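Below is one structure, written out as structure tokens, with a few remarks after it.
The values are calculated or read from the model by the stated rules, or taken from the named source; none is laboratory data. Since the structure is predicted, the reported quantities are computational estimates derived from the model, not experimental observations. Using ideal geometry, Cβ is built from the backbone for each residue, glycine included, and neighbour counts are taken over all protein chains shown. Remember, those area values only see protein heavy atoms, side chains included, never the ligands or the DNA or RNA. Shrake-Rupley method; radii C 1.70, N 1.55, O 1.52, S 1.80 Å.
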Amino acid sequence: MEKFTRLTSVAAALPQENVDTDQIIPARFLKTIQRTGLGKHLFAGQRYDAKGNENPDFVLNKPAYRKAGILITLDNLGCGSSREHAPWALLDFGIRCVIAPSFADIFYNNCFKNGILPIRLSREQCLALMDDASHGENARLTVDLEKQEIHRPDGEVISFEMDPFRRQVLLEGLDDVAQTLKNHEQSIREFEARPSRAWIPSTKQAGRPQSVIGAKGEQA
Amino acid sequence: MQNPVTPRTLYDKIWDDHVVKTLEDGTSLLYIDRHLLHEVTSPQAFESLRAAGRPVRRPDATMAVADHNVPTSDRSQPVEDPQSRLQIETLEANVKEFGVPYFPLRSRQQGIVHVVGPEQGVSLPGMTIVCGDSHTSTHGAFGSLAFGIGTSEVEHVLATQTLLQKRSKNMRVRVEGDVAPGVTAKDIMLSIIGRIGTAGGTGHVIEFAGSAIRKLDMAGRMTLCNMSIEAGARAGMVAPDETTFNYVKGRPFAPQGEAFEQAVAYWKTLTTDEGAHFDEEVVLDAAEISPSVTWGTSPEDVLPITGTVPRPEDFADPAKAERIRRTLAYMGLEAGQKIAGTPVDVVFIGSCTNSRIEDLRAAAAVLKGRKVAEGVRAMVVPGSGLVRYAAEEEGLDKIFRDAGFEWREAGCSMCLGMNPDKLSAGQRSASTSNRNFEGRQGPDGRTHLCSPTMAAAAAVTGTLCDARDLLEPTMAEGAA
């Protein structure tokens, strides 16, 4: 995973609440078995018309925002489906930082796993940054994760909160799986050996022959 | 560790029993008892595992099935779409290579992962259950902690059988009293989401409690927990009780004999202690819940079927008014119109929310001896091959077919506009699924979420309508 330290970029504003992951990438583009190449489908429903032509009014189609590295929305960004294709599509388009007053839980987690920094700010602060974003290339924002600061074009600094563990993972671009195996293997083994867990059956073999789930939810 | 005398919630108890280790910053390494896989969100995880040369740590705690991207037409034919076929074949190759138990596409056990897990007894009370799908919350109906994860976390669980997690807050939603005849679990859940909003549960795990919840069968509890994610919650749960134990007993992958009795003894401890702390509590009066339907493009846009669509001018907040205006335009509805009487083009009965045998029985009760209105396409997609088979044993397929419904094979189907079952632009559906987002069922499709009873009634009249008008009094009593 690519590290996130400091980013200076144009920001694109999408002043909508509840931007769900179906909007970020519709399900018909989830047939891939790869992580890459999804940027062209980002916000497909709003970005293209039925014939696949670009909708010139959509923010990411405007010349100033075609290389936006930051996306700002209103509340509850990323609600709905758990699809990690949503951050993959954002990343593939070039967006490394998403800013909103609030996020849906799964999407928020998924961002960190892909080197995308999700920042929670107040609604007022988000609206102020959207105003900056409206000036396009003349108003780049700088996001500094080390200092936990956003620098506005007029020099104002907005600080943001960040979980220290997640901050470290992003700053160093750490691989979660390798870290867990390296640091916790012994603890996991001990946990698995607990006698209180003996009741849990294996999924490898059915304890009784497969049968029909019949009337009234019972088995025939 | 919590002091054992501190009263704990159901969520607290299951959480505490699965903490492998708590790190300095309060993040916990949580052990996962069941990992369910499907074809759409797993290929990239297996690919990373393969690249790193890692095995699946616990194939015996894992189960896979293809559901999202499968056609629901004739299963004897190969999957036509090359991309879909590749995704399914990739899952089949991965489960073989890594030794993961799998229900093949042509087996009777195949179906929607959230129907199959409970049906097979793979999902059990007291467990932590994850899957790369947000509707994993369904399994919380058993008194388990079940939640959706992204593909990177799927990889983490495959490799380590754990997840790094922060403890969520506790929220309780109590529904007290009796629902009126013709009011179902779906109506209860839509009403809850309408009340607390799609972000109402963010950061929380919801425990559903109260006398109206206790009276629900397992299918109803699954419908409820399934849509917890539509309220923004990390998970939804119902404490296990006799209804749960009776459902689980004898399922193929459930503990058998003495092991079952031991498990039940443990499961009986999984109730919220008197005096346990909830960060949020919401109470609904069951008697006030009506058959409900969504009018907009967010699951919180809920109305009783007797209600009227909102007017933008009734909202002081200009952003809210603008959203209403935009939603009305997308949905092709007039401000202030009655929602009943809105004509529908498609009726979809299915999805992990409402495709169980109980759901099919409820729809068939409305359809018996009736016909689908002219010009309406109506389809029923059972949640699994076993549900389909059971329905055929009961003769429900005949009721559906005689009414003019398509009787299809199991899968996610029209819930998500990914496989061949889609709405075309401008088409309007009455759907028993869980999301009415813009384009969810197909580009520019319009979705009205409702119960199987209400969807069946819409099929018969060709419009969104109050199903109670079509139910015999005795049938209305029996509709659950």
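For segment B:248-288, filtering for residues that are facing chain A (nearest Cβ under 7 Å) and either of a type in the set (Val, Ile, Thr) or at positive phi (or both) leaves 1.
Test of understanding: among A:THR21, A:THR36, which residue is open to solvent by less than 30 Å² (accessible area, probe 1.4 Å) and within 14 Å of chain B (Cβ to nearest Cβ)? Explain how you work it out, then say what you get.
Working: A:THR36 fails: open to solvent by less than 30 Å² (accessible area, probe 1.4 Å).
Selected residue: A:THR21, the only one of A:THR21, A:THR36 that is open to solvent by less than 30 Å² (accessible area, probe 1.4 Å) and within 14 Å of chain B (Cβ to nearest Cβ).
Residues of segment B:228-268 being small (Gly, Ala, Ser) and in contact with a helix residue (DSSP H, G or I) (Cβ under 9 Å, 6 or more places away or on another chain), which ones? Of everything in segment B:228-268, those that are small (Gly, Ala, Ser) and in contact with a helix residue (DSSP H, G or I) (Cβ under 9 Å, 6 or more places away or on another chain) turn out to be B:SER228, B:ALA231, B:GLY232, B:ALA233, B:ALA235, B:GLY236, B:ALA239, B:GLY250, B:ALA254, B:ALA263. Among the residues of segment B:151-183 satisfying the criterion of being in contact with a Leu (Cβ under 6 Å, 6 or more places away or on another chain) and more than 14 Å from chain A (Cβ to nearest Cβ), which is nearest to B:GLU281 (Cα to Cα)? Filtering first and then ranking leaves B:VAL175.
Which members of segment B:185-211 meet the condition of being away from chain A (no Cβ under 14 Å) and open to solvent by 10 Å² or more (accessible area, probe 1.4 Å)? Those that are away from chain A (no Cβ under 14 Å) and open to solvent by 10 Å² or more (accessible area, probe 1.4 Å): B:SER191, B:GLY194, B:ARG195, B:GLU207, B:ALA209, B:GLY210, B:SER211. Residues in segment B:69-91 that are within 20 Å of B:GLY148 (Cβ to Cβ) and more than 8 Å from chain A (Cβ to nearest Cβ): B:VAL70, B:LEU91.
The requirement of being open to solvent by 20 Å² or more (accessible area, probe 1.4 Å), free of Cβ contacts under 8 Å to residues at least 40 places away in the same chain and either of a type outside the set (Gly, Ala, Ser) or within 13 Å of chain A (Cβ to nearest Cβ) (or both) is fulfilled nowhere in segment B:130-150; no residue meets it. For A:PRO26, the criteria (1) crowded, with 17+ Cβ neighbours inside 10 Å; (2) away from chain B (no Cβ under 14 Å); (3) not aliphatic (A, V, I, L, M) hold in every case but one, which is (2). For segment B:427-480, filtered to residues that are under 21 Å from the mean Cα position of the chain (by Cα) and at pLDDT below 95, the residue that is farthest from B:LEU190 (Cα to Cα) is B:ALA479.
What do you reckon, is B:ILE357 in contact (Cβ under 8 Å) with a residue 24 or more places away in the chain, open to solvent by 30 Å² or more (accessible area, probe 1.4 Å) and touching a helix residue (DSSP H, G or I) at 6+ places or on another chain (Cβ under 9 Å)? Taking the combined requirement at face value, the residue does not satisfy it. Looking across segment A:71-94, the residues that are surrounded by fewer than 23 Cβ atoms within 10 Å (Cβ to Cβ) and part of a loop (DSSP other than H, G, I, E, B) come down to A:LEU74, A:ASP75, A:GLY94.
Here is a check on your reading of the model: is B:THR198 touching a residue at least 12 places away in the same chain (Cβ under 8 Å), closer than 22 Å to A:ASP20 by Cα and in contact with an Asp or Glu (Cβ under 6 Å, 6 or more places away or on another chain)? Here the answer is yes, as B:THR198 does meet what is asked.
Hey, among B:ALA45, B:ALA61, B:ALA66, which residue is small (Gly, Ala, Ser), buried (at least 22 other Cβ atoms within 10 Å of the Cβ) and more than 11 Å from every other protein chain (Cβ to nearest Cβ)? Even if it seems obvious, please write down each step before you answer.
Details: B:ALA45 fails: more than 11 Å from every other protein chain (Cβ to nearest Cβ); B:ALA61 fails: more than 11 Å from every other protein chain (Cβ to nearest Cβ).
From the options B:ALA45, B:ALA61, B:ALA66, the qualifying one is B:ALA66.
Given the structure, is A:ASP132 touching a Pro at 6+ places or on another chain (Cβ under 6 Å), surrounded by fewer than 24 Cβ atoms within 10 Å (Cβ to Cβ), facing chain B (nearest Cβ under 8 Å) and farther than 16 Å from A:ILE25 by Cβ?
When the stated conditions are applied, A:ASP132 does not pass them.
I'm trying to understand the selection: among the residues of segment A:172-207, which are more than 7 Å from every other protein chain (Cβ to nearest Cβ), outside any helix (DSSP H, G or I) and charged (D, E, K, R)? Walk me through how you get there before you give the answer.
As a first pass, look at segment A:172-207 and keep what is more than 7 Å from every other protein chain (Cβ to nearest Cβ): A:172-175, A:178-179, A:182-183, A:185-186, A:189-190, A:192-198, A:205.
Still in the running and outside any helix (DSSP H, G or I): A:173-175, A:193-194, A:198, A:205.
Once the filter is applied, which keeps residues that are more than 7 Å from every other protein chain (Cβ to nearest Cβ), outside any helix (DSSP H, G or I) and charged (D, E, K, R), segment A:172-207 yields A:ASP175, A:ARG194.
Looking at (1) outside any helix (DSSP H, G or I); (2) under 19 Å from the mean Cα position of the chain (by Cα); (3) without any contact (Cβ under 8 Å) to a residue 60 or more places away in the chain, which one does A:ASN110 not meet, given that it meets all the others? Looking at each condition in turn, A:ASN110 falls short on (1). Counting the residues of segment B:267-278 that are open to solvent by 30 Å² or more (accessible area, probe 1.4 Å) and either under 18 Å from B:SER228 (Cα atoms) or assigned to a helix (DSSP H, G or I) (or both) gives 0. Within segment B:371-384, how many residues are crowded, with 24+ Cβ neighbours inside 10 Å and out of contact with any helix residue (DSSP H, G or I) (no Cβ under 9 Å at 6 or more places or on another chain)? The total comes to 0.
Would a scan of segment B:332-349 turn up a residue that is surrounded by fewer than 24 Cβ atoms within 10 Å (Cβ to Cβ), hydroxyl-bearing (Ser, Thr, Tyr) and in contact (Cβ under 8 Å) with a residue 12 or more places away in the chain? Even if it seems obvious, please write down each step before you answer.
Let us first name the residues in segment B:332-349 that are surrounded by fewer than 24 Cβ atoms within 10 Å (Cβ to Cβ), namely B:332-343, B:345.
If we keep only those that are hydroxyl-bearing (Ser, Thr, Tyr) too, we end up with B:342.
Then keep just the ones that are in contact (Cβ under 8 Å) with a residue 12 or more places away in the chain; that gives B:342.
The answer is yes; a qualifying residue exists.
Just so you know, in segment B:222-247 the residues that are within 12 Å of chain A (Cβ to nearest Cβ) and under 22 Å from A:ILE200 (Cβ atoms) include one that is nearest to the chain's Cα centre (by Cα), and it is B:MET222. Of B:LYS398, B:LYS422, all but one fail to be free of Cβ contacts under 8 Å to residues at least 60 places away in the same chain, open to solvent by 50 Å² or more (accessible area, probe 1.4 Å) and out of contact with any Asp or Glu (no Cβ under 9 Å at 6 or more places or on another chain); the exception is B:LYS422. Taking segment B:373-480 and the helices (runs of 4 or more DSSP H) fully enclosed by it, the elements with 1 or more residues that are more than 11 Å from chain A (Cβ to nearest Cβ) are at B:396-403, B:452-461, B:473-478. Per this entry, A:ASP57 is not counted among residues that are within 11 Å of another protein chain (Cβ to nearest Cβ) and more than 22 Å from B:ASN69 (Cβ to Cβ).
Could you check, for segment B:69-83, whether at least one of its residues is open to solvent by less than 10 Å² (accessible area, probe 1.4 Å), in contact (Cβ under 8 Å) with a residue 24 or more places away in the chain, of a type in the set (A, V, I, L, M, F, W, C) and in contact with a Ser or Thr (Cβ under 7 Å, 6 or more places away or on another chain)? I'd like the intermediate steps shown before the answer.
Initial filter on segment B:69-83 (open to solvent by less than 10 Å² (accessible area, probe 1.4 Å)): B:69-70, B:72.
Subsequent filtering for residues that are in contact (Cβ under 8 Å) with a residue 24 or more places away in the chain retains B:69-70, B:72.
From what's left, of a type in the set (A, V, I, L, M, F, W, C): B:70.
After this cut, where a residue has to be in contact with a Ser or Thr (Cβ under 7 Å, 6 or more places away or on another chain) as well, the list is none.
No, because not a single residue in segment B:69-83 is open to solvent by less than 10 Å² (accessible area, probe 1.4 Å), in contact (Cβ under 8 Å) with a residue 24 or more places away in the chain, of a type in the set (A, V, I, L, M, F, W, C) and in contact with a Ser or Thr (Cβ under 7 Å, 6 or more places away or on another chain).
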